[in-house]
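The structure under discussion appears below in the form of structure tokens.
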Amino acid sequence: MDSFKRLINLIKTENSKVFVTDTDGEQTFVLMSLEEYQRLRGAQKGRISELSKRLAELTEQTEELNRQITRVQLQELSDDLDFEEDEEDEGIKRETVYVEPIVE
């Protein structure tokens, strides 16, 4: 127990971290001050919040681009379906087809 107290005092006085290893030398735990832990967690939460906001912005931009692409494709389809009156054959009437996009 005395060793554990010395580790805690070392962490407090040096404001550092202590890495605990297993018998194979692999780092398995980290001991640090509560202040350091809270700082790291706060930074992580802030970063997650920033990334979430950026993802929302990119999603909206992607959706807007998809809406624009759909409008252009529908206009091209509409233009392809418009039959203009043939000057040689007056019996053919002009037919206009309007395709309306479905917006969710």
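FYI, it's all coordinate maths here, none of it is from the lab. The shown structure was predicted, so the numbers you read here are calculated from the model rather than taken from an experiment. Backbone-built Cβ (ideal geometry, glycine too); neighbour counts: all protein chains shown.
A few remarks follow.
- Net charge over other residues, Cβ less than 14 angstrom from the Cβ of residue 16 (K, R count +1; D, E count -1): +1
- Counted by Cβ distance under 12 Å from residue 47, the other residues give a net charge of +3, where Lys and Arg count +1 and Asp and Glu count -1.
- Panel note: the C-alpha atoms of the stretch 2-77, placed on their principal axes, show extents of 80, 29, 12 Å (largest first).
- Residue exposure sequence - 8, 48 - by fewest surrounding Cβ within 10 Å: 48, 8
- Sorted ascending by nearby beta carbons within 10 Å, beginning with the fewest, 63, 100 become 100, 63.
- Rounded to the nearest whole Hz, the Karplus-based 3J(HN,Hα) values (6.51 cos²θ - 1.76 cosθ + 1.60, θ = phi - 60°) of the stretch 68-75 follow the sequence 5, 4, 4, 4, 5, 5, 5, 5, with x at glycine and proline.
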